[in-house]
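See below for the structure under consideration.
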Amino acid sequence: MNIPIAIDRTEILKRYKPIDKYAHKGIQGHALIIGGSYGKIGAVCLSSKAALKTGCGLVTTFVPLCGYEIVQIAIPEVMVVTDDQEKYLSDIGFELEPNAIGIGPGMGQKRATQKALHDFLSNTSLPLVVDADALNILALNPSWVALLSPRTVLTPHPKELERLIGKWYTKEEMFGKAIVFSLVNQVVIVMKGAPTFIIDGETIYENTTGNAALATAGSGDVLTGMITSLLAQSYKAVDAAILGVYLHGLTADIALPETGYQSFIASDIIANIGKAYLSLED
């Protein structure tokens, strides 16, 4: 196995692009977040707010009808497009032209939603982050992985990863299977965990930020929004994954003295993205 490259401040500063002082929202990227189902609209709210706070100029959220008012009230800065179905996604169609898309948070796995994901993947070549239930749907329909555009970013936690690549019994076997999956399908895999690893073909990166405070509901939804935002700002897939994971972990390191491990929640990640960025400017 190749020795992982540490994702530290030096590695980040090679990739980080400071904002042009003449920037306007039209050149800062437009991210689209697709997901949500009845009782799980919070997931797309977290992803969408994180996308905004990570610096893209515009964010649109695509949700079932039941999510319309929730998202509009929870995040006034976000635009909302809805499915025709009340409680789940059945047909992912939109007329806007985003720069990157994040799909999966809170989406559920209803049969109509599975078909909607299949049709969506068959018709998009935009930079993409696939997370949560979108990953689980791919695991249920393995042939659909071939529909992913090259350089798509997948963000599985250990159980989602196992469903995609199969069981493993040693760490070496896990990395071996993940590397093969990345090479065969030309995808970047963000293996969420403590620590988080990023697999880009045969290259492995190991994140150095973060702590146990991140083990909280919605933490992954926030990461999806952050990486989607960076893709929309025209970072390359692997750089968006590396920078997103680093900043995500850093928010927990920054907040810990005030929150402790127990009371840190996903919204605290979003609240500290600004401070994480500022630490790169020092």
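The figures follow:
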| item | result |
| --- | --- |
| Conditions (1) surrounded by fewer than 24 Cβ atoms within 10 Å (Cβ to Cβ); (2) over 16 Å from the mean Cα position of the chain (by Cα): number failed by V63 | (1) |
| Selection count where residues are outside any helix (DSSP H, G or I) and not charged (D, E, K, R), scope region 230-253 | 3 |
| E97, sole failed condition from (1) at pLDDT 95 or above; (2) within 30 Å of K177 (Cβ to Cβ) | (2) |
| Matching residues in region 182-213 - criterion: being farther than 30 Å from L256 by Cα and touching a Gly at 6+ places or on another chain (Cβ under 9 Å) | S182, L183, Q186 |
| Test: L128 is under 23 Å from G29 (Cα atoms), surrounded by fewer than 21 Cβ atoms within 10 Å (Cβ to Cβ) and modelled with pLDDT of 95 or more | no |
| Helices (runs of 4 or more DSSP H) enclosed by region 40-158 - at least 2 residues per element that are among the β-branched types (V, I, T) | 41-53, 68-74 |
| Selection count, region 143-170, where residues are free of Cβ contacts under 8 Å to residues at least 12 places away in the same chain and either out of contact with any helix residue (DSSP H, G or I) (no Cβ under 7 Å at 6 or more places or on another chain) or of a type in the set (A, V, I, L, M) (or both) | 6 |
| Tally of residues being outside any loop (DSSP other than H, G, I, E, B) and either modelled with pLDDT under 95 or surrounded by 14 or more Cβ atoms within 10 Å (Cβ to Cβ) (or both) across region 181-209 | 16 |
| Selection count where residues are hydrophobic (A, V, I, L, M, F, W, C) and over 14 Å from the mean Cα position of the chain (by Cα), scope region 223-282 | 12 |
| Every pair of residues 6+ apart whose Cβ atoms lie under 9 Å, when the first sits in region 217-231 and is in contact (Cβ under 8 Å) with a residue 24 or more places away in the chain and surrounded by fewer than 24 Cβ atoms within 10 Å (Cβ to Cβ) while the second is not in a helix (DSSP H, G or I) and not polar (S, T, N, Q) | A217/I265; G218/P105; G218/I265; S219/K192; S219/I265 |
| Of the criteria (1) within 12 Å of the chain's Cα centre (by Cα); (2) free of Cβ contacts under 8 Å to residues at least 24 places away in the same chain, which one P105 fails | (2) |
| Which listed residue, of I269, I273, is surrounded by 21 or more Cβ atoms within 10 Å (Cβ to Cβ), out of contact with any Lys or Arg (no Cβ under 8 Å at 6 or more places or on another chain) and more than 20 Å from N99 (Cα to Cα) | I269 |
| Residues satisfying the stated conditions in region 7-44, i.e. exposed (fewer than 15 other Cβ atoms within 10 Å of the Cβ), at pLDDT 95 or above and either at positive phi or of a type outside the set (K, R) (or both) | D8, T10, L13, G39 |
| Residue within region 31-39 that is more than 19 Å from Y246 (Cα to Cα), among the β-branched types (V, I, T) and assigned to a strand (DSSP E or B) present | yes |
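The values are calculated or read from the model by the stated rules, or taken from the named source; none is laboratory data. Small disclaimer: the values here were computed from a predicted structure and weren't measured. Please note: Cβ atoms are built from the backbone with ideal geometry, for glycine as well, and neighbour counts cover all protein chains shown.
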